[in-house]
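Let me begin by presenting the structure, written as structure tokens, before commenting on it.
The values are calculated or read from the model by the stated rules, or taken from the named source; none is laboratory data. Being a predicted model, the structure only gives us computed values, none of them experimental. Cβ: placed from backbone, ideal geometry, glycine included. Neighbour counts: every protein chain shown.
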């Protein structure tokens, strides 16, 4: 059970509670024990460290059912309800899970006005003066003075009023204690007696025959008793007491003869005037028998307290003045002019950390590093260990009273020095001899448990504190060894278990010992927590440490190594850093050190360091073609990669001559005598004939060998004699063992997007080919997500983009899910030297214009009804799946639902062959064809559904239109291509998968995409069958999109994917390719 803030305020004065809070925050409460006595008594026992290293035994007791009453016992001089007890309660609250800063708000103690009815009832009873004067019996109220007890008491006598007007002595009565007095009155009771008897009954000592006059109730009694005119001092023989005039009463300060102390004394009153113990205060004039109000309005308790004021030193009074000022003003105790009133200093504290060390009592032991926490208030320093919330200091023009912001001080401590502890409380970490040897002034200073933590703090946290507003002061005794770096030593050793990787070491010699800097630098970078993982934010000087000494490093000297570590693209094993060859060479070239490595890596590093520009490569005379300017640049780039032993991605647009550039590279290598082993080309099966024909056309001097067909095994014996070996992806993993028995100088992977999934057997086989250089050829290095780009780079430069897990964490997730521009730019910079991409717009302005048109088609009524029925059903089903399983685990169901909707958009017969509803899109297509063919155009129609091509084929036959057709089932691909190119058929039906790549159809001047595909790159490749080099007519590209359907959503997703790819290739734009559950929900919207 915790004690609320309201109950703390009720039981402790503000000063004790504030100091207790400070003791709690400083960790002075030790060995706290909780116990329960009986059913409900809670007991807290603990030891509290005092201001002079004394331990006080403190006990707190309270009833869980009456938490407002707290009993405390302490061995300190105060004894009860002290700051030590408050600290124990706060510590118990903290351990019970209730933060010391978060208590119940204080109860609203503002005065609440009574209801009108209650006030009228009270006023009627108090002020009613209608008495029954016919009965001589009545009550007399007597005030008794008790000088020896400094109090006054009351009694009530039942008396008779004589005809002379005097009153008899009468007899004592306690009539006020009778119940229902107002409704069951004795005959001698008059109306004016109700009020004084009621207040008399409300006095704390009303159970006595002579209750004590005190407090607010006593004041109300006097007021009502005076109105009866039967209120007497001591005896009815005296005249009744009368209401006197208000007296001014208060206190004044007197300076004692020593001129150093002041005492508060009551203003002089006549000897016959006595102050009564009421609130507000009343006086009694015993001579004139008058009772009246005292103007200072102090209650009796406060008045008595002020009367007991002892002599106060001037500094004590100056320090307490903010607290005393309100009550002194109320008491009229104006400070004399001779008293030096201090000026208040209230400001935000500025932290100061003073570092020093203490010699250990044991010889040969390292000194204890210490920190003293100070705070500056407008230039006036206050030690955090100072106990008082206000500190008196000397100013240039008199005394100053610094009002400390203790909450802000504690916040600075806890936020910036969370691991620091007061030395006097660290008995578990410091040796007993060291604790006992602590000077008095250091007992409340701070330290850290271990020297290693101190070095961490000095190296990593101290610069941060200095930049964050801390003033750091270092004493001469604070002596920590500092190593200045002179010469760096580096080592790059090949990793025997991972070919192409190198173990990296960078260090220094210190007193004959090698210190490896890489783990120390990694530790520093973790502490620095640089934004965006950029080395630009490195401080000018970087501090490292090895547990014994600090190492000072100028950041520029190790910036290349820091950049590599920040990129997270290396691997660690056994605490060592491993880098792929290219990164290792770059670090070696950028980091000035005495490097030890093999000649191959040193040579690569020197080449990279001295590289200025690509060399112009003369075109061998054996190449029977004139290279365009961009193709010459491509040849220069390929030869650069070959020279440096690097891989790359030739990512030119379809139709820009990637095949010719590749063949020219191979021919140039042969002409230079460097083709020590044949070059290997791996391509889709459909392109083998194209590669063979292009090689025959452009480089007839190359000895070609095609490894294809069922009887291909003998061909492997002829590999060594060939210059160019051509094979296909489907055969790669089947023939891997035979390939591994060969050696290839170059390996080219045409349409390399076939290798975008690194988990397939084909991709794994490609990575195991024995080739000196690997080049990927593809117009679409990334079709859907960045993981495909990683797969290509892992093929051509293994390890350059780290492993898949690191790449996903460092690049894919920040870029695709969070839109991280910094990571995106970093990835773009990293891949750009090894990916050459030119678009038709950039390099072939001589190509005719390409016009892209989106033609919207409205579904017919039957299609709309069918579409809406399926959509509503699937929408409900998919939303439920997303809620239960998430998008990743619902892919099969999602794709199936989308397939059904797309089929309805194309033709309802795709969903159900027996469906009689027609297709608005097919009708629109046939209308278009009629117009286009009348204009003499030649048209290619692409669809992903071969069954849709069959339906179009039926319509073409019915209309008497000649056509060609190419799908995955087409055995003879050359014949339909030739017939179309020769003009024998004006229409060519092609399935997107079968004819999207490897075809040259420049006879066409019109391309129609009957249905949209998720991947915009696949559609672009299909369009490039017609819009490519050799095309001399403007090309029109039509996309048929049904309105208000899933096809419009697919088109929007295409735009997102295009943005990601365009940005990576150099077009700065938005990027995000991950399809989320929200995207899926949108696909099924009405």
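Only residues that are buried (at least 17 other Cβ atoms within 10 Å of the Cβ) and free of Cβ contacts under 8 Å to residues at least 60 places away in the same chain: list them for the stretch 60-71, please. Residues satisfying the conditions are 60, 62. Taking the conditions (1) in a loop (DSSP other than H, G, I, E, B); (2) touching a residue at least 24 places away in the same chain (Cβ under 8 Å); (3) under 23 Å from residue 563 (Cα atoms) in turn, residue 480 satisfies each one other than (3).
Are any residues in the stretch 445-472 touching a strand residue (DSSP E or B) at 6+ places or on another chain (Cβ under 6 Å) and either crowded, with 18+ Cβ neighbours inside 10 Å or closer than 12 Å to residue 354 by Cα (or both), and if so, which ones? Outline the logic, then answer.
Applying the first criterion (touching a strand residue (DSSP E or B) at 6+ places or on another chain (Cβ under 6 Å)) to the stretch 445-472 yields 445-447, 454-455, 459, 466, 470-472.
Answer for the stretch 445-472, where residues must be touching a strand residue (DSSP E or B) at 6+ places or on another chain (Cβ under 6 Å) and either crowded, with 18+ Cβ neighbours inside 10 Å or closer than 12 Å to residue 354 by Cα (or both): 445, 446, 447, 454, 455, 459, 470, 471, 472.
I'd like to verify a number: residues in the stretch 702-735 that are surrounded by fewer than 15 Cβ atoms within 10 Å (Cβ to Cβ) and either at negative phi or not assigned by TED's automatic domain parsing to the domain that holds residue 769 (or both), how many? It would help to see each step written out before you state the result.
Pass one, the stretch 702-735, residues surrounded by fewer than 15 Cβ atoms within 10 Å (Cβ to Cβ): 703, 709-711, 713-714, 717-718, 720-721, 730, 734.
From what is left, the residues that are either at negative phi or not assigned by TED's automatic domain parsing to the domain that holds residue 769 (or both) are 703, 710-711, 713-714, 717-718, 720-721, 730, 734.
Selection size over the stretch 702-735: 11.
Among the criteria (1) within 38 Å of the chain's Cα centre (by Cα); (2) under 21 Å from residue 405 (Cβ atoms); (3) modelled with pLDDT under 85, the one residue 6 does not fulfil is (2).
Please go through (1) touching a helix residue (DSSP H, G or I) at 6+ places or on another chain (Cβ under 8 Å); (2) part of a loop (DSSP other than H, G, I, E, B); (3) surrounded by 17 or more Cβ atoms within 10 Å (Cβ to Cβ) for residue 195 and return the number of the only condition it doesn't satisfy. Failed condition: (2).
Being assigned by TED's automatic domain parsing to the domain that holds residue 180 and modelled with pLDDT under 90 narrows it down to one residue among 198, 217; which is it?
Result of the check over 198, 217: 198.
Among the residues of the stretch 909-925, none qualifies, meaning not one is touching a helix residue (DSSP H, G or I) at 6+ places or on another chain (Cβ under 7 Å) and modelled with pLDDT under 80.
What residue, among those in the stretch 393-425 that are buried (at least 18 other Cβ atoms within 10 Å of the Cβ) and modelled with pLDDT under 85, is nearest to residue 469 (Cα to Cα)? Only one residue fits best here, namely 423.
Which fully enclosed strands (runs of 3 or more DSSP E) of the stretch 334-379 have 1 or more residues being under 20 Å from residue 458 (Cα atoms)? Give the steps one after another, and end with the answer.
Numbers: elements: 343-345, 350-358, 368-377.
Fully inside the stretch 334-379 and qualifying: 350-358, 368-377.
The requirement of being under 25 Å from residue 1046 (Cα atoms) and touching a residue at least 24 places away in the same chain (Cβ under 8 Å) is fulfilled somewhere in the stretch 838-851, by at least one residue.
Which one is modelled with the lowest pLDDT, of the residues in the stretch 608-638 that are in a helix (DSSP H, G or I), within 21 Å of residue 589 (Cβ to Cβ) and out of contact with any strand residue (DSSP E or B) (no Cβ under 7 Å at 6 or more places or on another chain)?
So in the stretch 608-638, the residues in a helix (DSSP H, G or I) come out as 608-610, 629-638.
Checking which are within 21 Å of residue 589 (Cβ to Cβ) leaves us with 608-610, 637.
This time we only want the ones that are out of contact with any strand residue (DSSP E or B) (no Cβ under 7 Å at 6 or more places or on another chain), so: 608-610.
Details: 608: 76, 609: 75, 610: 71.
So the residue we want is 610.
Residues in the stretch 819-867 that are part of a helix (DSSP H, G or I), closer than 30 Å to residue 1007 by Cα and either touching a strand residue (DSSP E or B) at 6+ places or on another chain (Cβ under 7 Å) or modelled with pLDDT of 80 or more (or both): 6 in all. Among residues of the stretch 524-538 being farther than 20 Å from residue 416 by Cβ, in a helix (DSSP H, G or I) and over 16 Å from the mean Cα position of the chain (by Cα), the one that is modelled with the lowest pLDDT is 535.
Quick one: is residue 356 crowded, with 16+ Cβ neighbours inside 10 Å, more than 34 Å from the chain's Cα centre (by Cα), on the phi < 0 side of the Ramachandran plot and modelled with pLDDT of 90 or more? Yes, satisfied.
Sort out for me the helices (runs of 4 or more DSSP H) sitting completely within the stretch 935-995 that have 1 or more residues that are farther than 27 Å from residue 909 by Cα and in the same structural domain as residue 1009 (by TED's automatic domain parsing). Show your work before the answer.
Details: elements: 946-959, 974-981, 992-995.
Because the criterion is at least 1 residues that are farther than 27 Å from residue 909 by Cα and in the same structural domain as residue 1009 (by TED's automatic domain parsing), the helices (runs of 4 or more DSSP H) in the stretch 935-995 that meet it are 974-981.
Here the condition is being part of a helix (DSSP H, G or I) and in contact (Cβ under 8 Å) with a residue 60 or more places away in the chain; of 456, 503, it holds for 456 alone. Looking at residue 273, is it within 30 Å of residue 165 (Cα to Cα), at pLDDT below 90, surrounded by 14 or more Cβ atoms within 10 Å (Cβ to Cβ) and not assigned by TED's automatic domain parsing to the domain that holds residue 178? Judged against the criteria, residue 273 is a match. Of all residues in the stretch 324-340, those that are within 21 Å of residue 395 (Cα to Cα) and either in contact (Cβ under 8 Å) with a residue 40 or more places away in the chain or assigned by TED's automatic domain parsing to the domain that holds residue 443 (or both) total 5.
Here residue 600 clears all of (1) at negative phi; (2) surrounded by fewer than 16 Cβ atoms within 10 Å (Cβ to Cβ); (3) assigned to a loop (DSSP other than H, G, I, E, B) except the condition numbered (3).
Would you call residue 925 in the same structural domain as residue 1038 (by TED's automatic domain parsing), outside any strand (DSSP E or B), touching a residue at least 12 places away in the same chain (Cβ under 8 Å) and more than 30 Å from residue 752 (Cβ to Cβ)? Step through it out loud before you land on a result.
Numbers: in the same structural domain as residue 1038 (by TED's automatic domain parsing): yes; outside any strand (DSSP E or B): yes; touching a residue at least 12 places away in the same chain (Cβ under 8 Å): yes; more than 30 Å from residue 752 (Cβ to Cβ): yes.
Judged against the criteria, residue 925 is a match.
Reported count of residues in the stretch 1023-1071, each being under 13 Å from residue 1012 (Cα atoms) and modelled with pLDDT under 70, is 2.
In this structure, does residue 577 turn out to be surrounded by 15 or more Cβ atoms within 10 Å (Cβ to Cβ) and modelled with pLDDT of 80 or more? Here the answer is yes, as residue 577 does meet what is asked. Looking at 2, 54, just one residue is over 23 Å from residue 320 (Cα atoms) and in contact with a helix residue (DSSP H, G or I) (Cβ under 8 Å, 6 or more places away or on another chain), and that residue is 2.
Residues in the stretch 740-767 that are assigned to a loop (DSSP other than H, G, I, E, B), in contact (Cβ under 8 Å) with a residue 40 or more places away in the chain and under 46 Å from the mean Cα position of the chain (by Cα): 751, 758.
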